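Notes for the one structure printed next.
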Amino acid sequence: MPGYGYRSRDEWGGFIMKYLSTRKELRRVFLLIEAKVGELKATDLSFLELAEQYKTPVQIVLTKTDKMKRADLDSICKSIIQSATDIAPSVVQPTAICCSSRTKIGIDDLQLELLRVCDLVPSGEPAKQ
């Protein structure tokens, strides 16, 4: 599904709203946020309000985490999860998935969570290290 951030189109907003309100099979939305931005943007907050309204579970995924110091990343991760939970308390997953496509850190965790959401692996199975 297309994003609503950089290089998005206005008409996608309506598409996203319709999709969330009518797609009953939708199990979870993975909301990608660039870690170095350090906070949720206004569009993220609006999206989370919609997800809460339509009771659509949301998984926060922090991207480009290789560009962050570990201590900074931990702080930003907690802050973003708290902000998201304040907006959409019944749908935001309690932890974020932190990953980097460049270093591949966290990619196994992200892939495993996608498989779990689709019921293709048991819930307790750990990610490969």
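The values are calculated or read from the model by the stated rules, or taken from the named source; none is laboratory data. Given the structure is predicted, the values throughout are model-derived calculations rather than measurements. Positions of Cβ are backbone-derived with ideal geometry, glycine not excepted, and every protein chain shown enters the neighbour counts. Note: accessible area is taken over every heavy atom of the protein model, side chains too, but ligands, DNA and RNA are not part of it. Shrake-Rupley method; radii C 1.70, N 1.55, O 1.52, S 1.80 Å.
Name the single residue that is modelled with the lowest pLDDT among those in region 19-49 being open to solvent by less than 30 Å² (accessible area, probe 1.4 Å) and either closer than 17 Å to Ser101 by Cα or outside any loop (DSSP other than H, G, I, E, B) (or both). Break it down into steps so the answer makes sense when it comes.
The first filter runs over region 19-49 and keeps only residues open to solvent by less than 30 Å² (accessible area, probe 1.4 Å), leaving 20, 29, 31, 33, 35, 38, 40, 44, 47-48.
Narrowing the set further to residues that are either closer than 17 Å to Ser101 by Cα or outside any loop (DSSP other than H, G, I, E, B) (or both) leaves 20, 29, 31, 33, 35, 44, 47-48.
Numbers: Leu20: 80, Val29: 93, Leu31: 94, Ile33: 94, Ala35: 94, Asp44: 89, Phe47: 88, Leu48: 94.
My answer is Leu20.
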Scan of region 81-129 for residues that are open to solvent by less than 40 Å² (accessible area, probe 1.4 Å), over 20 Å from Gly38 (Cα atoms) and small (Gly, Ala, Ser), ordered by number: Ala127
Hits in region 61-80 - residues which are open to solvent by less than 60 Å² (accessible area, probe 1.4 Å), outside any loop (DSSP other than H, G, I, E, B) and hydrophobic (A, V, I, L, M, F, W, C): Val61, Leu62, Leu73, Ile76, Cys77, Ile80
Answer from Val37, Val29 - the residue that is closer than 22 Å to Leu115 by Cβ and hydrophobic (A, V, I, L, M, F, W, C): Val29
